[in-house]
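Here the structure is laid out as structure tokens; the discussion comes afterwards.
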Amino acid sequence: MRTFTPDAELEVVHPLATSVTYADLGGFAYGLKGVLDRLVALLLLMLLAVPLVAITVAIRLSSPGPALLRQVRVGRFGRPFMAYKFRSMSENAELQRDELEDQNDHDAPFIFKLRRDPRVTRLGRFLRRTSLDELPNLLNVLRGEMSLVGPRPPLPREVAHYDAHHLQRLATTPGMTGLWQISGRSELEFEEMVELDIEYIERWSLWLDLRIILRTPLAVLGGRGAW
């Protein structure tokens, strides 16, 4: 366990970010995880170059706006970073959020999720259903801001409502898949997600990461909680 002291500007993410005691993940195995993450991300980006270009073109042709969405997310120990995803919503989606706030389907009021979000484009529904919208996260993995396996990175406005207990899910590098993703995703309540993320951190091993990666394709095909 250790206390992380981030840069002063990170204090706005959460007032407890500078004083909470996090689980201490380190050592050779955790360092190897980072190396393997980058190698696999680089390989996948090369192998998926053509599909990535095809998705980019399809998004640009199907609706106005950029194909790539850049969004600030919160990473390990509360460090914010710029995450990349394929755009699955209309260009002015954020401007429409206030009008839809009272229709929130998530159990945690500070997490905004709609089962049938009218802002999601026709192509966007397919990208979300297949998790193809998250492929640009490989760029974040390559940069060391994300891992192949770990808790999903939350938005700063969500972290601002966290209790100290919830901040424990920030003890490891956020991932593209994890226990939450293979256990139901948005069908789970917020506290269930936090419990799964903390369980992952407490049980972490390279073998656990491999098991989660192997179970991810089946979870994606099942589509449970992909909204």
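The values are calculated or read from the model by the stated rules, or taken from the named source; none is laboratory data. Just so it is clear, the model here is predicted, and its values are computed rather than measured. Virtual Cβ from ideal backbone geometry, glycine too; neighbours counted across all protein chains shown. Keep in mind that these areas ignore ligands, DNA and RNA; they rest on the heavy atoms of the full protein, side chains included. Shrake-Rupley method; radii C 1.70, N 1.55, O 1.52, S 1.80 Å.
Observations on the structure shown:
- Approximate spin-label separation Leu25-Arg60, in nm, with each point projected 7 Å along Cα-to-Cβ: 3.6 nm
- Å² of accessible area per residue within the range 24-97, as computed with a 1.4 Å probe and no ligands counted: 57 Å²
- Overall shape of the range 83-131 was characterised from the C-alpha gyration tensor. The equivalent ellipsoid obtained from it has semi-axes of 19, 13, 11 Å, in decreasing order.
- Using bins of 10 Å that start at zero, the share of Cα-Cα pairs per bin across the range 126-227 amounts to 15, 49, 34, 2, in whole %.
- Local net charge near Gln96, Cβ-Cβ under 12 Å (Lys/Arg +1, Asp/Glu -1): -4
- In this structure, the amide hydrogen of Thr177, modeled 1.01 Å from its nitrogen in the peptide plane, lies closer than 5 angstrom to those of Val149, Gly150, counting only residues at least 5 positions away or on a different chain.
- In terms of the mean number of neighbouring beta-carbon atoms within 10 Å, the peptides 171-182, 153-164, 29-40 order highest first as 171-182, 153-164, 29-40.
- Among 41-51, 69-79, the order from most to least packed when residues are scored by Cβ within 10 Å on average: 69-79, 41-51
- Shape category assigned to the range 54-124 from the gyration tensor of Cα positions, a/c cut at 1.5: oblate
- Mean separation of Cα pairs under 8 Å and 6 or more residues apart, divided by the residue count, gives the range 64-151 a relative contact order of 29 percent.
- Using the Cβ-Cβ distance between Leu155 and Leu48 with R0 = 25 Å, the FRET efficiency computed as 1/(1 + (r/R0)^6) comes to roughly 0.45.
- Vicinal HN-Hα couplings computed from phi for the range 85-99 (Karplus, 6.51 cos²θ - 1.76 cosθ + 1.60; Hz; Gly/Pro x): 9, 6, 5, 10, 10, 5, 4, 9, 4, 5, 5, 8, 4, 4, 5
- Derived scalar couplings between HN and Hα for the range 199-207 equal 4, 4, 5, 5, 9, 3, 7, 4, 5 Hz in order, rounded to whole Hz, by the Karplus curve 6.51 cos²θ - 1.76 cosθ + 1.60 (θ = phi - 60°), x for Gly and Pro.
- FRET efficiency for Ala164 and Leu100, using Cβ-Cβ distance with R0 set to 45 Å, rounded to 0.05: 0.90
- Computed from label points 7 Å out along Cα-Cβ, the spacing between Ser205 and Val35 is 2.0 nm.
- Phi angles of the range 128-134 translate, via the Karplus equation with coefficients 6.51, -1.76, 1.60 and θ = phi - 60°, into HN-Hα couplings of 6, 4, 9, 6, 5, 5, 8 Hz per residue; Gly and Pro are given as x.
- Surface share of carbon and sulfur [accessible, 1.4 angstrom probe, percent] for the range 128-189: 52 percent
- Using all pairs of distinct alpha-carbon atoms, the Kirkwood hydrodynamic radius of the chain works out to 18.3 angstrom.
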